[in-house]
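Below is one structure. I have some questions about it.
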Amino acid sequence: RISPTLVRLELDPDSLGSDPDHSAAATRRLAEAGVEMAVNGLDFAQADLLGTRRLSIGCLVLGSRLVRGVRPGNTDFVSGLVALARQMGWRVVATGVETDEQLDAVRAAGCNSVQGLILGAPVPAPQFAATHLPSAPMAQDERP
């Protein structure tokens, strides 16, 4: 078993369905259980930002497509997204960070969490578990 506090569930706004009350209740139950709820793929042309306020979101994920275009000195758009997320009480994670330049830019924009190849290459789950979760090795039948 893994603690729910170690899980982040990323939601695409389009996948929330047509019943906002059901989505709000479901995300609230997961958040109350300790699962961090994140919104990913926020598209201002389609997403109902007011609707996301009803959800128990705690994190905004800035995707790799957005990160690829950000450069130091040219972070206005990302800085605005970070400010919006912070105003809503959300953490911000920039994904797809691959270069020092991208890392510097997302830091300058206010991101305090990053994911990407700059931190290391992906590893198979058993290797990760052996390295980072030594008290809970993954059994052969649990491998993806």
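We did not get these values from a lab; they are worked out from the coordinates using the rules stated. Given the structure is predicted, the values throughout are model-derived calculations rather than measurements. Here Cβ is always computed from backbone atoms with ideal geometry, including for glycine, and neighbour counts include all displayed protein chains.
How much net charge surrounds THR5 when only other residues with a Cβ under 14 Å from its Cβ are counted (Lys, Arg +1; Asp, Glu -1)?
Working: positive: ARG1, ARG8, ARG91; negative: GLU32, GLU36.
Charge balance in the 14 Å sphere: +1.
Beyond 15 Å, what percent of the Cα pairs of segment 69-115 remain?
Percent of Cα pairs beyond 15 Å in segment 69-115: 35.
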